[in-house]
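The values are calculated or read from the model by the stated rules, or taken from the named source; none is laboratory data. Here the structure is a predicted model, which means the values were calculated and not measured. Methodologically, a virtual Cβ is constructed for each residue, glycine included, from the backbone with ideal geometry; neighbour enumeration extends over all protein chains shown. Heavy atoms of the whole protein, side chains included, go into the accessibility calculation; ligands, DNA and RNA do not. Shrake-Rupley method; radii C 1.70, N 1.55, O 1.52, S 1.80 Å.
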Amino acid sequence: GVAAGFGNIIFRSLIHFLQKILYGIESEVMLYNLQAASNWKIVVIPALGGLAVGIITTVFKSNVHSVADVIKAISLHRTLSPVTAVLKTITSAITLGTGGSAGREGPIIMIGASLGSAVGQFFKFSHVRMSSATACGAAGGIAATFNAPMGGAMFAAEVLLGKYGVKTFSPLIVSAVTATVISRAYFGDEITIQSPSY
């Protein structure tokens, strides 16, 4: 949870930094950045961002690309490389910061799961506990980035682990709440997805 919370801070701060440098605005809603940008920026900056991501992924090859790979790693009791967290943070921040059509949910699951797996590797967890640590990292990542601790824990239990129980659900809750507290301390306690008034 601690690793995922700080991973979220680094990830979102890097996105905001790139948006501020490239577009002059750092809004969570990319549409506002693009509406205020000149026409040449709308074409050139996303193209350069895509080129940068393409070069990085070609040079540093990774065998983990999607949430399905995280589910596979958990199911087969495999570990994820900490390098995956670093690469996913950089490439996804470039994509989102330059205006690419994507969201934070996939990358933060990868980042959190890789960090959780790294913690498990550091403490030499058993295969079963390694799966739990990986899921805890993903739960913490989702919880921190969307300010939704229950959502992060439920996602990890239902989608990644596929089972509920006190033994499996308790660590997910602790991780998600810890990551959310760290994220809230840095970004503030605001609702990520605002509900419109009807």
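Descriptive notes on the structure:
- The range 149-170 residues that are assigned to a helix (DSSP H, G or I), paired with ones that are open to solvent by 50 Å² or more (accessible area, probe 1.4 Å) and modelled with pLDDT of 95 or more (beta carbon under 7 Å, 6 or more apart): Pro149/Val177
- Scanning the range 72-94 for residues that are more than 18 Å from Ala118 (Cβ to Cβ) and open to solvent by 40 Å² or more (accessible area, probe 1.4 Å) turns up just one, Ser75.
- Entry remark, the range 1-30: residues being open to solvent by less than 60 Å² (accessible area, probe 1.4 Å), among the β-branched types (Val, Ile, Thr) and more than 29 Å from Val119 (Cα to Cα) number 1 in total.
- Here Ser183 fulfils each of the conditions (1) open to solvent by 10 Å² or more (accessible area, probe 1.4 Å); (2) farther than 21 Å from Arg78 by Cα; (3) under 16 Å from the mean Cα position of the chain (by Cα) apart from (1).
- A residue that is of a type in the set (Ser, Thr, Tyr) and touching a residue at least 60 places away in the same chain (Cβ under 8 Å) occurs nowhere in the range 101-114.
- Any hit, the range 31-53, residues being surrounded by 14 or more Cβ atoms within 10 Å (Cβ to Cβ), in contact with a Phe, Trp or Tyr (Cβ under 6 Å, 6 or more places away or on another chain) and either in a helix (DSSP H, G or I) or on the phi > 0 side of the Ramachandran plot (or both): yes
- Members of the range 171-195 that are touching a residue at least 40 places away in the same chain (Cβ under 8 Å) and not in a helix (DSSP H, G or I): Asp189, Glu190, Ile191, Thr192, Ile193
- The condition (being within 17 Å of Ile10 (Cβ to Cβ) and free of Cβ contacts under 8 Å to residues at least 40 places away in the same chain) is satisfied by just one residue among Lys72, Lys88, Lys124: Lys88.
- Scan of the range 101-117 for residues that are crowded, with 21+ Cβ neighbours inside 10 Å and either small (Gly, Ala, Ser) or not in a helix (DSSP H, G or I) (or both), ordered by number: Arg104, Gly112, Ala113, Ser114, Gly116, Ser117
- Of all residues making up the range 118-154, the number that are surrounded by fewer than 24 Cβ atoms within 10 Å (Cβ to Cβ) and within 18 Å of Ser183 (Cβ to Cβ): 7
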